[in-house]
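K.L.:
This is the structure, below, for whatever I ask next.
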Amino acid sequence: MATARPASPFRPERIAATPMAFVRAIVRGYEKHGVDPSQALRQAQITPAQLKKADARITAAQMETISAFAMRELDDEALGWFSRKLPWGSYGMLCRASITSPDLGVALKRWCRHHRLLTDDIVLHLERHGDQARLCIAEHRRLGSLREFCLVTSLRFVHGFACWAIDSRIGLAQAQFPFAAPPHQGVYPLLFPGPVYFNAAQAGFSFDAQYLAMPLRRDEQALQLMLQRALPLTVLQYRRDRLLVQRVRELLRERSAELVSADALARELNISTRTLHRQLRDEGAALQPLKDEVRRQLAIDLLRRTTRPVKQIAYEVGFANEKSFARAFRAWTGSSPSELRPPKPG
């Protein structure tokens, strides 16, 4: 049975939060390739005593340093996880294969498909179930002692790229892992914000399917710059969330009569009114047109599907009286509310 773990307050860019268990996994990758890891550890300023300490932590910068050095020295971006090496540049190839996609959904499907060209030891799948999307990993061979680090890093690779590609934090509904909670389980909500479950059937994460329709905001030039320092995307969480427009639309559809002002809407979103207007502006939107769009569609739907009085519909879509609703409705559609009513039978 999967078990949930609470969120963590860690700030990875400021404190040593990455567990030494992940560094020991990199060292095991060196052992698999028959290479001495001493130089990589020195580059990241990790001492032999620290490496042996079960509860030791390193910073995100140290993790970036040792990972990048090891990938280059071993010429294996998988760091020994798979039955064959993934030469330096393999994940850059995945990024290039996905960056020309029209939206995130297509980009993730391409990522999954091209990842299989690199290895079939694990296979990534993108699924959609109603309003939730899920990216999961099927394991086709035993990963042994490198299993945890492989699954965690593979999911962070794709999540980090996805956030970067649409320039938006992609919040996770949940993340799942097919092993018992490790001693360093407290770091998981840092890497996968939201409910984290262990002892699950498969590794994967779920998120709002609306992100799949978001267009990619990056070009080849941006990709070249990102690939020069791509590893922070696997360690640090993306901060900006560009899905505010969709969240505002949903709230207005569900509670138009309650959320009639910007202040009320901002309180519901747990942000300031100023931040609400600024973030909408950054996404190329404004509150009043969004309100009009949602009210118009909801009003048309209620007029066509129900026999409710126009006065009641006016209130349900957020107007104080029928007169102001009729005036706004005519401005939106060129017709009065009563003209959209279907003809009575007979």
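K.L.:
Mind checking which residues of the range 254-288 are of a type outside the set (S, T, N, Q), without any contact (Cβ under 8 Å) to a residue 60 or more places away in the chain and more than 22 Å from D167 (Cβ to Cβ)?
P.N.:
Once the filter is applied, which keeps residues that are of a type outside the set (S, T, N, Q), without any contact (Cβ under 8 Å) to a residue 60 or more places away in the chain and more than 22 Å from D167 (Cβ to Cβ), the range 254-288 yields E254, R255, E258, L259, V260, A262, D263, A264, L265, A266, R267, E268.
K.L.:
Look through the range 177-186, keep the residues that are surrounded by fewer than 23 Cβ atoms within 10 Å (Cβ to Cβ) and not in a helix (DSSP H, G or I), and return whichever of them is farthest from the chain's Cα centre (by Cα).
P.N.:
Among them, the one singled out is P183.
K.L.:
Let me ask you something else. Is there a residue in the range 297-306 that is in contact with a Leu (Cβ under 9 Å, 6 or more places away or on another chain) and of a type in the set (K, R)?
P.N.:
yes
K.L.:
Identify the residue in the range 126-162 that is more than 19 Å from M71 (Cβ to Cβ) and acidic (D, E) and, among all such residues, is modelled with the lowest pLDDT.
P.N.:
Here the residue is D131.
K.L.:
If you go through the range 287-302, how many residues are surrounded by 13 or more Cβ atoms within 10 Å (Cβ to Cβ) and either under 13 Å from V248 (Cα atoms) or touching a Pro at 6+ places or on another chain (Cβ under 6 Å) (or both)?
P.N.:
Number of matching residues: 7.
The values are calculated or read from the model by the stated rules, or taken from the named source; none is laboratory data. Note that the structure is predicted; figures quoted are calculated from it, not measured. In this analysis, Cβ positions are derived from the backbone assuming ideal geometry, glycine residues included, and neighbour counts consider all displayed protein chains.
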